[in-house]
Amino acid sequence: MEDIIYITDEEREKCRQVVNAFAELFEQTDVIVLDAGKYGFVKLQYYREPQGFEVMSTFTDSRKLFDALWQDWFEEQVLSSVLGTSLEELEYEEIFLLLPKEKQNDLIDKKTYFKRKVSFRSMS
């Protein structure tokens, strides 16, 4: 039987770098990314007892993994800035636009920070 390659060794290493870059996300939320061997990386989210994780996504592309983790990090930061207020009912984009410009810039600059932590600097 032929071995199917789902993720190359090069992409696996890039995915590991992405996971390492977003380590702070895993400490703040119930998101975890696991190396699933030849199948790539699996992102698990929203842990609930006793059934386990509610959402599972598989990645074999480091850029797509980066974008997904960036979105998770961004949403966590935006929402945490308004928790306990009536603003938490708004969409993430609406909340973001209501934040002070300095805070908006800080959040956007953080994307560059994460990109620098991985080897592919030319990510858009």
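The values are calculated or read from the model by the stated rules, or taken from the named source; none is laboratory data. Please read all numbers here as calculations on a predicted model, not as lab measurements. Glycine gets a Cβ as well: all are built from the backbone with ideal geometry, and neighbour counts include every protein chain shown.
Miscellaneous remarks
- Filtered by the rule that a residue be closer than 26 Å to Ala23 by Cβ, of a type in the set (Ser, Thr, Tyr) and modelled with pLDDT of 85 or more, segment 82-124 gives Tyr92, Thr112, Tyr113.
- Selected residue (criterion: surrounded by the most Cβ atoms within 10 Å (Cβ to Cβ)) from residues of segment 29-54 that are of a type in the set (Asp, Glu) and not in a strand (DSSP E or B): Asp30
- Pair list, Cβ < 7 Å and 6+ apart or interchain, from segment 34-54 residues that are in contact (Cβ under 8 Å) with a residue 12 or more places away in the chain to residues that are polar (S, T, N, Q) and part of a loop (DSSP other than H, G, I, E, B): Gly40/Thr60
- Within segment 1-28, the set of residues being within 16 Å of the chain's Cα centre (by Cα) and outside any helix (DSSP H, G or I) comprises Phe22 only.
- Residue in segment 108-122 that is surrounded by 14 or more Cβ atoms within 10 Å (Cβ to Cβ), in contact with a Lys or Arg (Cβ under 7 Å, 6 or more places away or on another chain) and β-branched (Val, Ile, Thr) present: yes
- Residues of segment 55-107 that turn out to be assigned to a strand (DSSP E or B) and touching a Leu at 6+ places or on another chain (Cβ under 9 Å), as a count: 4
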